[in-house]
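All remarks here apply to the structure that follows.
The values are calculated or read from the model by the stated rules, or taken from the named source; none is laboratory data. Note that the structure is predicted; figures quoted are calculated from it, not measured. We place every Cβ from the backbone using ideal geometry, glycine too, and count neighbours over all the protein chains shown. Keep in mind that these areas ignore ligands, DNA and RNA; they rest on the heavy atoms of the full protein, side chains included. Shrake-Rupley method; radii C 1.70, N 1.55, O 1.52, S 1.80 Å.
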Amino acid sequence: MKAFLILEDGTVFAGTSIGARREVISEIVFNTSMAGYLEVLTDPSYAGQAICMTYPLIGNYGVCREDMESKKPWPDGFIVRELSRMASNFRKDITIQEFLEQYDIPGIAGIDTRALTKILREKGTMNGMITTNEAYNLNTILPQLKSYTTGKVVEKVTCSHKYEIKGVTSLSENGPLSGQAKFDREAFVNGQREMRPSITKELNGKGKRVALLDLGAKDNIAHSLAQRGCDVTIYPAFTKAEEILADRPDGIMLSNGPGDPKECVEVIEEIKKLYESDVPIFAICLGHQLMALATGADTFKMKYGHRGGNHPVKDLRTGRVYISSQNHGYVVDTDRLNPGVAVPAFVNVNDGTNEGLSYTGKNIFTVQFHPEACPGPQDSSYLFDRFIQMMEEEKNA
Amino acid sequence: MPKNPSVKRVMVIGSGPIVIGQAAEFDYAGTQACRSLKEEGVEVILVNSNPATIMTDKNIADKVYIEPLNVRVLQQIIEKEKPDSILPTLGGQAGLNLGMELAESGFLEVHGVKLLGTTAATIKKAEDRQEFKDTMEKIGEPCAASKVVETVEDGVAFTRTIGYPVVLRPAYTLGGSGGGIAHNQEELESILENGLRLSRVGQVLVERCIAGWKEIEYEVMRDGAGNCITVCNMENIDPVGVHTGDSIVVAPSQTLGDKEYQMLRTSALNIINELQITGGCNVQFALHPTSFEYCVIEVNPRVSRSSALASKATGYPIAKVAAKIALGYTLDEIKNAITGKTYASFEPTLDYCVVKMPRLPFDKFITAKRTLTTQMKATGEVMSICDNFEGALMKAIRSLEQHVDCLLSYDFSALSLKELEYRLKKVDDQRIYVIAEALRKGMDYDTIHEITMIDHWFIDKLAILVEMERALSDGPLTVELLKEAKRIEFPDSVISRLTGISEEEIKKLRYDNGIVAAYKMVDTCAAEFEAATPYYYSVYGSENEAVKTNPPQKVLVLGSGPIRIGQGIEFDYCSVHATWAFAKAGYETIIINNNPETVSTDFDIADKLYFEPLTPEDVESIVNIEKPDGAVVQFGGQTAIKLTESLMKMGVPILGTKAEDVDAAEDRELFDKILEQTQIPRAAGGTVYTAAQAKEVANRLGYPVLVRPSYVLGGQGMQIAISDEEIEEFMNIINRIAQDHPILVDKYLEGKEIEVDAVCDGTDILIPGIMEHIERTGVHSGDSISVYPAFTISDRVKEKLTEYTRRLAKALHVKGLINIQFIAIGEDVYVIEVNPRSSRTVPYISKVTGIPIVDLATEVMIGKTIRELGYEPGLCPEADYFAIKMPVFSFEKIRGAEISLGPEMKSTGECLGIGRTFKEALYKAFLGAGVDLPRHKQMIITVKDADKGEAVELGRRFEKLGYTIYATRSTAAALNDAGVKARKVNKISQESPTVLDLILGHRIDLVIDTPTQGRDKSRDGFLIRRTAIETGVNCITAMDTARALVTSLENANDKFTLIDVASIG
């Protein structure tokens, strides 16, 4: 079936419908990761957006549910050059087509995704509609597109109630250490698949209790902590600071999440209180932006954001450069940063935008990128260890 | 970290002659690195024995030594030039080994020379099998169970503990040389013995066989501060078991999920960090197809063939960045030249699919085994880019120029399903065609996968191509179907064959419906940033990004495609120089080429680069957009010449010599007329189409005769026939491939072969120098030792050659380059053939005379005269030194190939020897080709009857040098009769010990074996030659070559004259 992608600027791409047939209006963004489409789809930060994958061949290895970063896919739409008809991987559960249909995600395939990316690059992120209605009328659609706003999306993606993930008590629970997997033919033939390998080499978080504020958290944030032995309690985004602090966590994590940080007015108020506590805090992406806003800094919307797995970020503490997993459309304005409150800790090597802050006189550091990876490079996973060390130091202090 | 200020004079080691496993990619990497170093104000002293390279040009390095890559020579150059540093990681394994030898011997330390980039300790850790394994174990990176052995017995004993099959990998060898998979003890012993000998350190790794696992590679960069990125990962379609150089490779990986992708990426970074590599590095993995288990196969701590491919596939200039890192820069300080916005620390991301296919030499070595193993056999490769895999594969297939353009190109339709299953078990270069036929016959994916272990995803892609074949032949050809066929890059010619509709009609249908190629950019960043110097690839059904520019003048330079025997790196040298010369003259330059190993496909050589197949249709699509003012075909070898007619039809003027004049040189009758007009003699001959005609002509001329197809390079299919039977045999072989052109039968004349390259401006000619071959006529010019200046011919003959060249160039209205081969018999001169285009010897003669003939030819094409360019027409004065070009072969890599020399070219590369005397030059040339004698001072002579007289003279000279001579019965008798002491050895058919046992005893330096006439490979000679080659014994098959060798040995002197080629001219 034919499908169309109509952009706010009047550009129309004709392609083939994939997934659900329903019509959708959303903010169109592009992601440059070459692998990891499932992790992208299930990253709650994409709520309120339709994603265009710049890599043209999507679906090659199907969908392995174990790799989902949350309970369901969040984007409003999925835009690809070509969806593979063959899904080939030993862990495959279903194909990506089936997955999109199952979760009622509409999409379009067969369009010139590079041309679309160039438009977004040149004109900036814009709204668009995916529709299968061949009789679309631009005169009525374009005003609709222009007036569309993502709105408050954190409330859609956050968990409904607090829950806990226990930290592992032995490294073996994490599955084989990467590089140490041994193929067990018998188990495989019996339908058992080996656990995916872990890169965690130490249970340095054993006994630590971490409160994770779920602003749309990817599962691997909690997993990264649990795999190091931390017990993680996950709180809905609108939990009061007092409630979290009352549980006496050793550390607090503010997760990633979707939307304009400035929409999260209530959450920012709570974060102010968390800032005042002496509990070590580590924040990622939206959490990082909210902490900045909570402490008087400003954020602004980037022209087309950073979404992919190849951006170099420099750790200003060590001078080392790491390749990072990225997904953000807003960024902290370092020009208006009060050094008495926070100083840049990470910077994007390409465009010099802020990638992390270190809070002066506080046990708080925050990053714009995604140390939890999934998808993308695992280079900065050491930051979880840095957080654990912070908690350790605080405890001993 | 800023640049290290103590680095001012850097010696760069090149990779030497082109051999299988070490080809043009190192010229590309070396050239890019040298330019990168010069950009930083560093003085570059370059050493490479290969004169056909661009890196040995004077504008690339400050000092250029085209000298043998041998430790003694390098030491003398270091003493003379006093570099402060040496960069060994750009010259492939050859360069790396030399750097290591210099470092390990303490020579560098004594002379205060630093090893730049990766340290010697790191190289050792990565290259030494045991150290590597220990290092991997330390950081928890898995390797296949293995053991380094130094004896066959140890290997057998270890294999008993891990079980067959096992993979064998010799340490410090190229392209997996001497490696293989052993399924039983007999195979193990044979491969192991060979491998131990080939390894520089006498070590072979015996390893658990992981054949059938996915083979994945990562190209990694690391700077001195420890920052790491991966440039690209690649997946081999052919699973582990086939050398990656012989595999069809796709980038990025297609069948890995993020979990597998990141797992291996992290592993690659861990490894490069642990090894402390600074610069580029290649990590190869085997990944279990149904689990997360993986093994590290190997690490190359240097730029490699794969890194060249990764550079071209992503646009990330690995060698350039590696050179900057060597100078002390960190990745975040180096700008990405493609985008001009991002930094070298940005990992490239692709929004297209890249397919690389190997160019295998089985069309040259028809007796060789086509089986693909862990020993690389490809001489070159092609790369193609498309937004879908099927399209990239289709483009790669037709880029190969092996008479293939789709999956139907090899016909297996006669095989039944059962036979196909059996055939699939054979791993060779035709496997994808066999799979396609199996799919046509309905074999299911699982069966194909179980036999080949090729991933289902790739099988499905082949199935999509097969389905399209069927849809097209079933018809009708709707616009929608045509669109889809073009999207997956079915060429019009194939659509025409399948639908029965003419190509012209299909083209019209396409144009009428707007189904035309559009061009997308390779920009390293998937369009995230605007690109400054991108290059292009075609897709169908998308927006075109290649904007037509309107410069005052625009020229299209056609590249030479994949490297193959007969058409090598020399033509890339010519294409690049022509491009530069046009740019200098104010032209906008456009290159079309598909070879990822070359300098011409580097992103900043031409103003625009189209990475595309070189077929008429693909070229026309580009012409439609670019509308160039002219095209140049005379620099791109036969590949470009073949496109002449099509270009003219497209209305693109051919610059330089006109197409009809090119034809006149190839067309027998037209050429005979020209010779008559110009009164130049040639061997009598005739043009034929059938064997009967050939025999008739041959009998009229009298045997021996030379039989060859017209319009070929490298003497493909050329043979000397001495009987009617041989004519039958050769005509059969030639006609196996459909011939559009007639076959030539000439009287064979025995004499001195002379070669001339000249520039002609329409009136005057300029001959930089005359080259004389050591081997008499009958050995292909590309396989002959070539001497400049010509040393045995009289001035009168030289005058004649000059005059004949002038007459021929004028008669053919040559504007640009002309290459002529002559025979001199006494004072008589005959023409063998004329090629009004660049030739294999152009870079060589340019370098040794200092006359930039490609540049001159280019200027001439656009209207300048030779005089205007500052040159006095005629034959240039001779140099006061000798420069000898020595062919280099890769016979040891191709099992079963006949090594004896003849009219069909077999060498893969060449090296140069320059000396004040003929003997010194010759000695250096042999040394550069790897003939480093003596070791044991024992040799074998076994020659055909006609050569016995010459054998006596040779034997006497070798005896004088202290050689012990072994000879087979009749040769021994001839030698002993003449008073040369020769020990008789038994022939193969006789009882042990035979001549083969003697060779296998590893105490022989040299075998001189001249083959008896005829192609019967079962003869003893064939076995002797093969055994010698595979045992690493120098084997010479022509008496002239043998004489040259003994002459050079008589001179052996370890103090070399070192000539800076950059100072010539």
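Looking at the stretch A:2-58, send over the antiparallel percent of its DSSP beta bridges, to the nearest 5.
On the way: 5 of 10 bridges.
Of those bridges, close to 50 percent are antiparallel.
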| task | Please grab the % of Cα pairs in the protein assembly as shown that end up more than 50 Å from each other. | result | 34 percent
| Taking the Cα centre of the stretch B:597-746 as the origin and placing charges on Cβ (Lys, Arg +1; Asp, Glu -1), which of B:P681, B:F671, B:G636 is farthest toward the positive end of the dipole? | B:P681
| Taking B:K885 as the anchor, which aspartates and glutamates have their alpha carbon closer than 16 Å to its alpha carbon, excluding any fewer than eight residues away along the same chain? | B:E67, B:E570, B:E753, B:E755, B:D757, B:E772, B:E775, B:D783, B:E910, B:E920, B:D1040
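Which order do A:T125, B:T598 take by accessible area at a 1.4 Å probe, largest first? Working shown, then result.
On the way: A:T125 35, B:T598 5 Å².
These residues rank, largest area first, as A:T125, B:T598.
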| note | Among B:Y28, B:T994, A:I105, the residue whose Cα sits farthest towards the positive end of the charge dipole of the protein assembly as shown, when +1 is placed on the Cβ of each Lys and Arg and -1 on the Cβ of each Asp and Glu, is B:T994
| remark: Quick calc, the stretch B:177-270, dipole around Cα centre from Cβ unit charges on Lys, Arg (+) and Asp, Glu (-), nearest 20 debye, gives 320 debye
| Chains B and A: what accessible area do they bury, summed, in square angstrom to the nearest 100, with a 1.4 Å probe? | 5400 Å²
| request: Identify which of A:M86, A:M126, A:M53 has the largest mean-square fluctuation in a Gaussian network model of chain A, with springs joining Cα atoms closer than 10 Å. | output: A:M86
| note | Square roots of five times the C-alpha gyration tensor eigenvalues of chain B, ordered largest first and given in whole Å, equal 39, 36, 32
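Which pairs in the list B:K3/B:K335; B:K642/B:K810; B:K673/B:K810 are over 18 Å apart, alpha-carbon to alpha-carbon?
Working: B:K3/B:K335 14 Å; B:K642/B:K810 23 Å; B:K673/B:K810 14 Å.
From the list (B:K3/B:K335; B:K642/B:K810; B:K673/B:K810), the Cα-Cα distance tops 18 Å for B:K642/B:K810.
Set the Förster radius R0 to 22 Å, insert the Cβ-Cβ distance between B:S6 and B:E109 as r into 1/(1 + (r/R0)^6), and round the FRET efficiency to 0.05. Kindly include the intermediate steps, with their values, before the conclusion.
Working: r = 16 Å, r/R0 = 0.71.
Efficiency at R0 = 22 Å is approximately 0.90.
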| message | Below 8 Å, C-alpha to C-alpha, sequence gap of six or more: please give me the relative contact order for chain B in percent. | response | 10 percent
| What do you get for Rg/Rh over the stretch B:388-528 if you use C-alpha atoms and the Kirkwood form of Rh? | 1.00
| field | Ellipticity estimate at 222 nm from DSSP helix runs (n ≥ 4, -39,500 (n - 2.57)) divided over the protein assembly as shown, nearest 500 | value | -9500 deg cm²/dmol
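Shielding by partners for A:369-379, please: the mean number of other protein chain Cβ atoms within 10 Å of each residue's Cβ. Present the calculation step by step, with values, prior to reporting the outcome.
Details: counts 0, 0, 0, 0, 3, 3, 5, 5, 9, 5, 7.
So the per-residue partner count for this stretch is 3.
Give me the dipole magnitude in Debye, nearest 20, for chain B about the Cα centre, with unit charges on the beta carbon: positive for Lys and Arg, negative for Asp and Glu. Mind dumping the intermediate values first?
On the way: 116 positive and 151 negative charges, 410 e Å.
Result for chain B is approximately 1980 debye, rounded to the nearest 20.
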| Cα centroid distance between the stretch B:103-162 and the stretch A:148-178, in Å? | 44 Å
| field | Within straight-line cross-link reach of B:K483, aspartates and glutamates at Cα separation under 13 Å, skipping those fewer than 8 residues along the same chain | value | B:D492, B:D512
| message | I want to check the label-to-label distance for A:V265 and B:N513. Put each point 7 Å from Cα in the C-beta direction and report it in nm to one decimal. | response | 5.7 nm
| remark: Mean accessible area per residue over the stretch A:343-393 (1.4 angstrom probe, all protein chains present, square angstrom) is 25 Å²
| Two-site label geometry, A:N139 and A:M195: point separation in nm, points 7 Å out along Cα→Cβ | 6.2 nm
| Scattering curve values for the stretch B:67-209, log₁₀ I(q)/I(0), Debye with Cα scatterers, q = 0.21 Å⁻¹ | -1.17
| said: Keeping every protein chain present and rolling a 1.4 Å probe, give me the accessible area per residue for the stretch A:205-266 in Å². | reply: 30 Å²
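Out of the total accessible area of chain B (probe 1.4 Å, heavy atoms of protein only), what percent is carbon and sulfur?
Ligands and nucleic acids excluded, carbon and sulfur reach 50 percent.
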| note | The rounded separation in angstrom of the Cα centers of the stretch B:402-463 and the stretch B:274-295 is 29 Å
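Taking R0 as 60 Å, what FRET efficiency do you get between A:D184 and B:N1051 from their Cβ-Cβ distance, rounded to the nearest 0.05?
Working: r = 66 Å, r/R0 = 1.10.
FRET efficiency, A:D184 to B:N1051: 0.35.
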| So which of B:K924/B:K1055; B:K58/B:K324; B:K395/B:K520; B:K520/B:K608; B:K507/B:K649 end up more than 18 Å apart by C-alpha? | B:K58/B:K324
| Given charges at Cβ of Lys, Arg, Asp, Glu: the stretch B:96-192 dipole, positive-most of B:L188, B:G140, B:A121 | B:G140
| task | Filter the trypsin sites (Lys or Arg not before Pro) in the stretch A:145-184 down to the DSSP loop ones having no more than 10 other Cβ atoms within 10 Å, then list what survives. | result | none
| remark: Within the stretch B:817-852, the residues whose backbone N lies under 15 Å from a label point placed 7 Å from the Cα of B:Q679 along the Cα-to-Cβ direction are B:829
| Whole-Hz couplings from phi, Karplus 6.51/-1.76/1.60, listed for the stretch A:235-242; x for Gly and Pro | 10, x, 4, 9, 5, 6, 4, 4
| said: Treating only the Cβ of Lys, Arg, Asp and Glu as charged (+1, +1, -1, -1), what charge dipole size does the protein assembly as shown show about its Cα centre? Round to the nearest 20 debye. | reply: 1640 debye
| remark: With Cα springs under 10 Å, the Gaussian network model of chain A assigns the largest mean-square fluctuation among A:V232, A:V153, A:V189 to A:V189
| note | Phi-derived 3J(HN,Hα) across the stretch B:621-628 with the Karplus relation (6.51, -1.76, 1.60, θ = phi - 60°), rounded Hz, x for Gly and Pro, is 4, 6, 4, 4, 8, 7, 6, x
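Considering only DSSP beta bridges whose two residues both sit in the protein assembly as shown, what percent are antiparallel, to the nearest 5? Spell out each step's value before the answer.
On the way: 148 of 226 bridges.
Bridges in the protein assembly as shown that DSSP calls antiparallel: roughly 65 percent.
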| Sequence-distant lysines (8 or more away, or on other chains) whose Cα lies within less than 21 Å of B:K214 | A:K92, A:K182, B:K133, B:K259, B:K356, B:K377, B:K425, B:K426, B:K461
